[in-house]
1. What about R142, is it within 15 Å of ligand 2 (Cβ to nearest atom), surrounded by fewer than 18 Cβ atoms within 10 Å (Cβ to Cβ) and among the basic types (K, R)?
2. Could you pull out the residue among I122, I88 that is closer than 22 Å to E302 by Cβ, over 11 Å from the mean Cα position of the chain (by Cα) and hydrophobic (A, V, I, L, M, F, W, C)?
3. Tell me, yes or no, whether segment 195-205 has at least one residue that is of a type outside the set (G, A, S) and within 23 Å of L133 (Cβ to Cβ).
4. Which condition number in (1) more than 27 Å from R280 (Cα to Cα); (2) within 20 Å of the chain's Cα centre (by Cα); (3) crowded, with 19+ Cβ neighbours inside 10 Å is the one that L167 fails?
5. Can you name the condition, by its number, that E163 falls short on among (1) of a type in the set (D, E, K, R); (2) more than 30 Å from Y259 (Cα to Cα); (3) in contact with a helix residue (DSSP H, G or I) (Cβ under 7 Å, 6 or more places away or on another chain); (4) in contact (Cβ under 8 Å) with a residue 60 or more places away in the chain?
6. Quick check on T245: is it polar (S, T, N, Q) and surrounded by fewer than 17 Cβ atoms within 10 Å (Cβ to Cβ)?
7. Going through segment 207-220 one residue at a time, which ones are without any contact (Cβ under 8 Å) to a residue 60 or more places away in the chain and crowded, with 21+ Cβ neighbours inside 10 Å?
8. Take segment 62-85 and flag every residue that is touching a residue at least 40 places away in the same chain (Cβ under 8 Å), assigned to a loop (DSSP other than H, G, I, E, B), away from ligand 1 (no atom under 16 Å from the Cβ) and under 18 Å from V27 (Cβ atoms).
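The values are calculated or read from the model by the stated rules, or taken from the named source; none is laboratory data. For clarity, every value in this text was computed on a predicted model and none was experimentally measured. Heads up, the Cβs are rebuilt from the backbone with ideal geometry, glycines too, and the neighbour counts pull from every protein chain shown.
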Amino acid sequence: MTISSSPLATDHDLWRSLLGDMIRVRVFEERCAELYGESKIRGFLHLYIGEEAIASGVMSCLRPDDAVLATYREHGHALLRGVSAESIMSEMFGKATGCSGGRGGSMHLFDAATRFFGGNAIVGGHLPVAVGLGLADQVLGRSGAVTVCFFGEGAVAEGEFHEAMNLAALWNVPVLFCCENNRYAMGTSLRSSESQIDLALKAASYAIPAWSVDGMDIVEVHRATTKALASVRADGGPMFIEFQTYRFRAHSMFDPDLYRDPAEVEHWKLRDPIATFARRLVDEQIVTDADIEEMWERARAETEAAVAAAEAAPIEPIDTLLDHVTRDAEPAPHIERSPETTTDDEVWP
Ligand SMILES: Cc1ncc(C[n+]2csc(CCOP(=O)(O)OP(=O)(O)O)c2C)c(N)n1
Ligand SMILES: [Mg+2]
């Protein structure tokens with residue numbers, strides 16, 4: 001699907017706010033990278049830098065009663081869904097005030113109040129969950145509500161992708177599938193792993209209307225999402241958008257990024273969604289350079305306040321350590337324990 005890049009004659013407030021959204025995500029994540037270097041954030045950390053136009057464009061089209069699911073590269077999605085920077089940062093610090101109580105970390109941000117269903121670390125694992133949420137809306141008659149499911153192109157190699165596409169179409173559930181195709185699944189390029197790399201065609205083969213959109217252009221993202229959501233809300237059935245994008249950083253903080261030609265990375269950086277959109281808005285006299293500098297300043301202030309709150313927050317108290325932990329009341333019958341083995345009951349009260 002191609003949408004012309006005609007001047008942005010109307011909706012100036014919207015375009016300004018979308019630029020501000022992308023900047024918020026960029027600033028937050030650049031700070032996260034620093035904090036990782038200082039071991040304030042530990043475990044895994046997957047940055048979305050370069051892909052901000054997708055979450056910013058899509059999220060701006062959603063209603064409070066919609067549901068959102070994303071992958072482990074989800075800090076920006078959570079932030080733009082309305083989860084506070086403070087509770088996200090605290091979660092990444094493993095603090096009790098984090099949105100998942102400090103138990104999830106970077107990959108497992110959750111927030112029931114904004115219907116943000118993760119933060120999912122298993123590739124493709126949340127697609128069937130999205131279909132289930134959409135089915136619940138349908139069965140409960142919550143007409144017009146849509147479940148929006150973000151996932152990387154690596155998920156198309158998983159069985160869950162195909163199961164989810166099939167059932168979403170078969171049961172006509174209101175899900176918007178947003179495939180963030182950044183061309184690599186860790187170090188594996190799409191070209192080297194899939195015989196069919198037209199991802200919209202894969203979705204269409206399940207009778208789901210599907211488009212491919214430039215994910216580096218927030219105007220295209222916003223316009224395509226607006227149209228797709230209108231269709232899902234009206235007809236109830238699923239839609240699929242492939243957003244073509246690129247991550248500027250390595251897969252995660254552990255990845256030496258040896259599989260990409262540096263020239264390819266530099267080529268994509270020329271299409272930085274923030275820099276290109278900022279230039280366009282200045283050229284079209286929708287914002288000034290001073291407005292843009294103010295957006296960066298505001299985002300820095302928001303992020304620094306979140307860091308300060310996360311630093312000051314308490315770690316999980318020891319007496320809640322076993323909350324949310326479940327186990328079978330009796331050991332499974334096939335497990336034989338030798339007398340020397342410590343039993344569960346000795347460890348867990
Ligand atoms: C089922 C499963 N297999 C393997 C992994 C290990 N893994 C973590 S991220 C990743 C790559 C996923 O790439 P993609 O879906 O394109 O998302 P991206 O990281 O590019 O945003 C893999 C294979 C996993 N988390 N889950
Ligand atoms: Mg990918």
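1. So R142 fails the test.
2. I88
3. Yes, that holds for at least one residue.
4. It is condition (2) that L167 fails.
5. (4)
6. Here the answer is no, as T245 does not meet what is asked.
7. A210
8. Passing the criteria: only S84.
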